[in-house]
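Asker: Quick one: this structure, given as structure tokens, is what I'll be asking you about.
The values are calculated or read from the model by the stated rules, or taken from the named source; none is laboratory data. As the structure is a computational prediction, the values presented were derived from the model and not from experiment. Reconstructed Cβ throughout: ideal geometry from the backbone, glycine too, with neighbour counts over all protein chains shown.
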Protein chains: 2
Amino acid sequence: MAQLERTHLAIVRAVDQHGSLTAAAEQLHLTQSALSHAIRKLEDQLGVAIWTREGRRLRPTQAGAYLLAVANRLLPQLTQAEERLRQFAQGERGALRIGIECHPCHQWLLKVVSPYLAAWPDVDVDVRQEFQFGGIGALFAHEIDLLVTPDPLYAHGLRFEPVFDYEQVLVVGAGHRLRGLPYVQPEHLTEETLITYPVALDRLDIYTHFLLPAGIRPKRHKPIETTDILLQMVASGRGVAALPRWLVDEQAGTLDLGAVRLGAQGIAKQIFVGIREREADIDYLHAFVALARDHGGGMGASVNG
Amino acid sequence: MAQLERTHLAIVRAVDQHGSLTAAAEQLHLTQSALSHAIRKLEDQLGVAIWTREGRRLRPTQAGAYLLAVANRLLPQLTQAEERLRQFAQGERGALRIGIECHPCHQWLLKVVSPYLAAWPDVDVDVRQEFQFGGIGALFAHEIDLLVTPDPLYAHGLRFEPVFDYEQVLVVGAGHRLRGLPYVQPEHLTEETLITYPVALDRLDIYTHFLLPAGIRPKRHKPIETTDILLQMVASGRGVAALPRWLVDEQAGTLDLGAVRLGAQGIAKQIFVGIREREADIDYLHAFVALARDHGGGMGASVNG
DNA sequence: ATCTTGCATGAATATCATGCATGGTTGGAT
DNA sequence: ATCCAACCATGCATGATATTCATGCAAGAT
């Protein structure tokens, strides 16, 4: 039962580099005798000579030359593997699979990921949106490592943290009749076309928190996939939409849009990031949460502020 | 001082394959405890968890998944390396670098190499013809492993063996005036065109053993590279040449050639193969010499026979 | 010749991996 | 609910084995 061990590869390479067992031994912090014994044993087990002893010189046999080639090929891979593992250890390296469950989350995420990528170049960031058993399920099933969601669920083993407060407002175009009002009532929308992302109604805050409680429906409801187009349509007066206020503010220079509070109290929203509790102290995960919190603080707007 | 050893790779892979430490231990002919200790130590040294212990299940961490990938990549290479080394050991595998120093050697070699390749598929055969310090030097310098030569040199550490006897004869074309003579004298060639390989005169037997001792030179001397063309020219009466008799015999069906003995005694030649003495019992080398000997015996022609 | 350098080897030793015994936890079966 | 079986972790003992030490031998170098 021959076993080609890492030591053997190291010895062969060191001897090749330094020309002698003695010199090689020094590099490996061993004695010449140790190397001699080690190779001797390997030779016995494999039944093949690694070197021919010519006087006091070691000449590699064909087998030895082959073994050297193997060593030069494999040893770097082993050391690199160790290096990477150590990076995993310190949380310098890893794969951060982020799951998002809402469209505003996506918009916000874009702003956070960019500085994160710069700060953690060895972390592979991956963003996913579709989950068979929902975001929480994906977190439990290790499909993702971090969940961005407006609906935290304080389950055992998970840890959620709010990272971003914002107000969901009604967005209207230039010269819209509702623009400039202190706030709108549900009734104001009975004659409007409401543009939303194409998701179930119960996942749209304007329905769950505003329209449905009042038993009101807009005149028309139009789903649009992308935020850009959605904003364009609102700006051109084709309809109104419910979006985070900061998203509207960002477009101030580009599009002529107005933001109107939804109801007297407004709709206050929070985005949370959730992670598995046991992974809370992984550096690159922790760093993301911290970065997210900082970023959120700067943009967040209190409804009552 | 972390050391990623072969065992660790084996353990990680076995656990992945069998799902549990216990099952993996069985495959590796070790106890569950041994694996647990081994991985534990690696984890401590690297500072990274390979698996997370969830209940009685081991779930690979990202580091563990990476390590598994490394194991799946490297372990086969290690076992294959062992396999190859064992082949070297039994002499099943190797590189046989053959050196040749003479044109007849080359012709003869072609006949031997072909069956050899079939018998030793794992041996790389390489034929070389140019040597800075001559064939013997190349053998000493390990440039080649086997030398085919008509001029053996019984130096210390080398072993030569005759493998092929032949007679060097004068080859003449159809209807040539010398054809049918029992033998030719040097004087017969004073009016002939002598065709030879393009090498120094002192490496041509017809000069060293026949013409020069008699102080005779042919009318013309024409060098030709390849045996095929050379024979064509002789057959068409453009000149005469000195070649092994068996080479002429081989062409009997194709070309109309005649062979005439050079001098009353003829020129007897021998081809030898030489190897380094210490490598005499390497299977694939030994086999070549044996095969060469058998092949030579069948074709050899005694000058006096 | 003599000295130096380098490898091999046998015996002594130190190290380290392995096994044993055991306890804790979990998930499933009764 | 309870028990059982499966599985992993761990402290300790021990045996295997890698390493060293001391030495001899051979071959270049001076």
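Asker: Within the range B:195-232, how many residues are in contact with a helix residue (DSSP H, G or I) (Cβ under 7 Å, 6 or more places away or on another chain) and touching a residue at least 12 places away in the same chain (Cβ under 8 Å)?
Answerer: Total satisfying the criteria: 10.
Asker: Let me ask another. If I filter the range B:196-216 for residues that are assigned by TED's automatic domain parsing to the domain that holds B:ASP145, touching a Lys or Arg at 6+ places or on another chain (Cβ under 8 Å) and not in a strand (DSSP E or B), do I get at least one hit?
Answerer: Checked the range B:196-216: no residue is assigned by TED's automatic domain parsing to the domain that holds B:ASP145, touching a Lys or Arg at 6+ places or on another chain (Cβ under 8 Å) and not in a strand (DSSP E or B).
Asker: Next up: Give the number of residues within the range B:181-194 that are in a loop (DSSP other than H, G, I, E, B) and free of Cβ contacts under 8 Å to residues at least 40 places away in the same chain.
Answerer: Of the residues in that region, 2 qualify.
Asker: Kindly check whether there is at least one residue in the range B:104-111 that is loosely packed, with under 14 Cβ neighbours inside 10 Å, within 10 Å of DNA strand C (Cβ to nearest atom) and more than 9 Å from chain A (Cβ to nearest Cβ).
Answerer: no
Asker: Select from the range B:62-94 the residues that are facing another protein chain (nearest Cβ under 9 Å) and in a loop (DSSP other than H, G, I, E, B) and write down the one among them that is modelled with the lowest pLDDT.
Answerer: Selected residue: B:GLN90.
Asker: Something else now. For B:VAL12, state whether it is surrounded by 18 or more Cβ atoms within 10 Å (Cβ to Cβ), more than 10 Å from DNA strand D (Cβ to nearest atom) and over 45 Å from the mean Cα position of the chain (by Cα).
Answerer: No.
Asker: Considering B:GLY55, B:GLY64, which residue is touching a strand residue (DSSP E or B) at 6+ places or on another chain (Cβ under 7 Å) and within 12 Å of DNA strand D (Cβ to nearest atom)?
Answerer: B:GLY64 is the lone residue from the list that is touching a strand residue (DSSP E or B) at 6+ places or on another chain (Cβ under 7 Å) and within 12 Å of DNA strand D (Cβ to nearest atom).
Asker: Here's another thing I want to ask about it. Within 30 Å of A:GLN62 (Cβ to Cβ), more than 16 Å from DNA strand D (Cβ to nearest atom) and outside the structural domain of B:GLY274 (by TED's automatic domain parsing), is that true of B:LEU75?
Answerer: Yes; evaluated as a whole, the condition is true for this residue.
Asker: Within the range B:14-39, how many residues are among the aliphatic types (A, V, I, L, M) and either within 14 Å of chain A (Cβ to nearest Cβ) or within 8 Å of DNA strand C (Cβ to nearest atom) (or both)?
Answerer: Total meeting the criteria: 7.
Asker: Moving on. Kindly provide the set of residues from the range B:15-40 that are within 29 Å of A:LEU96 (Cβ to Cβ), among the charged types (D, E, K, R) and within 49 Å of the chain's Cα centre (by Cα), ordered by number.
Answerer: Matches in the range B:15-40: B:ASP16 only.
Asker: While we're on this one: Identify all residues within the range A:40-59 that are touching a helix residue (DSSP H, G or I) at 6+ places or on another chain (Cβ under 7 Å) and more than 10 Å from chain B (Cβ to nearest Cβ); write none if there are none.
Answerer: Of everything in the range A:40-59, those that are touching a helix residue (DSSP H, G or I) at 6+ places or on another chain (Cβ under 7 Å) and more than 10 Å from chain B (Cβ to nearest Cβ) turn out to be A:TRP51, A:LEU58.
Asker: Those residues that are more than 14 Å from A:ILE50 (Cβ to Cβ) and within 12 Å of DNA strand D (Cβ to nearest atom), I need them from the range A:21-38; list them, please.
Answerer: A:THR22, A:ALA25, A:GLU26, A:LEU28, A:HIS29, A:LEU30, A:THR31, A:GLN32, A:SER33, A:ALA34
Asker: Being surrounded by fewer than 18 Cβ atoms within 10 Å (Cβ to Cβ) and without any contact (Cβ under 8 Å) to a residue 60 or more places away in the chain, is that true of even one residue in the range A:161-179?
Answerer: yes
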